[in-house]
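The numbers here are math on the coordinates, done by the rules we state, and not lab data. What you see is a predicted model; the values in this text were computed from it and never measured. Please note: Cβ atoms are built from the backbone with ideal geometry, for glycine as well, and neighbour counts cover all protein chains shown.
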Amino acid sequence: MGTVEGGSAAVSGGPDARVEPTADVDGSAVLGAGTTVWHLAQVREGAVVGADCIIGRGAYVGPGVRIGDRVKLQNHALVYEPAVLEDGVFVGPAAVLTNDLYPRSVDVDGRLKRGEDWHARGVTLRRGCSIGGRAVLVAGVTVGRWALVAAGAVVHRDVPDFALVAGVPARRIKWVGRAGEPLRPAGADRWRCPRTGEEYREQDGLLAPVEPAEGDA
């Protein structure tokens, strides 16, 4: 399975994919090699899940959702269509990726709304980012590469690369590196990862590695 940074294809039910008997995986869904779908999880029609992914117990993947390689959905995470999750994304337990900005069960005439009565807006999670447990991401937001959303946060606007956001509504409180740890000051507009020593430069409210890793340029 290739990356989902722009899209890829895979053979349905790739080699070594594991689906627990109590899981519900639609026959039109695509699972990459080495992916595991655990008990009571549901993967809907047309969804594409990359290689070496973990879909946790009770997790939900909506119709047409696209998930890259080495992605972890923890127990009871809910990913509603048409979300896109790039490679290396982590979604914590009971986190919710919503898809409707103006949710209503009925229309103004009191009739039950159907799928054709509204326009779904998916959440986009960029490469390597992490979403904490019970966080809620409002329809249409994008979380940048290697960013970190704190547990319980409500994200209503886009999150920059390498940002750590927390609260309701979520706001940036720190910068984090690719290792996930908060960065430390390293001079004017410079930041350093305490674990890896990687350095980052801040400019105009955005952060970027001084020496980008492969795929992060």
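Could you tell me how far the Cα centroid of the range 174-217 sits from the Cα centroid of the range 99-132, in Å?
Measuring centre to centre over Cα atoms gives 34 Å.
Compute the length gained on full extension between THR196 and LEU40: take 0.36 nm times their separation in residues and subtract their Cα-Cα distance, giving the result in nm to one decimal.
Working: separation 156, 0.36 × 156 = 56.16 nm, distance 3.80 nm.
Here the segment from THR196 to LEU40 would lengthen by 52.4 nm.
Could I have the simple spin-label model distance between ASP204 and TRP118, label points 7 Å from Cα toward Cβ, reported in nm to one decimal?
The two pseudo-label positions are separated by 3.6 nm.
Among rounded, prolate and oblate, which fits the range 178-217 when a ≥ b ≥ c are the square roots of the eigenvalues of its C-alpha gyration tensor, a/c under 1.5 means rounded, and a/b larger than b/c means prolate?
oblate
If you average the sequence gap of Cα pairs under 8 Å that are 6 or more apart and divide by the length of the chain, what percent do you get for the contact order?
Numbers: 664 pairs, mean separation 21.7, N = 217.
For the chain, the relative contact order is 10 percent.
Take ASP52 and GLU214, extend 7 Å from each Cα along the Cα→Cβ direction, and tell me the distance between the two endpoints in nm.
It works out to 1.2 nm between the two label points.
Using Cα extents along the principal axes in Å as the read-out, say which of [x] 57, 48, 26; [y] 47, 41, 31; [z] 49, 48, 34 was calculated from these coordinates.
[x]
Could you please report the charge total around GLY132, scoring K, R as +1 and D, E as -1 over all other residues with beta-carbon less than 15 angstrom from its beta-carbon?
Around GLY132, the surrounding residues sum to +4.
So how far apart, in nm, are the two label points at ASP100 and ARG18 if each is 7 Å from Cα heading toward Cβ?
That separation, rounded to one decimal, is 3.6 nm.
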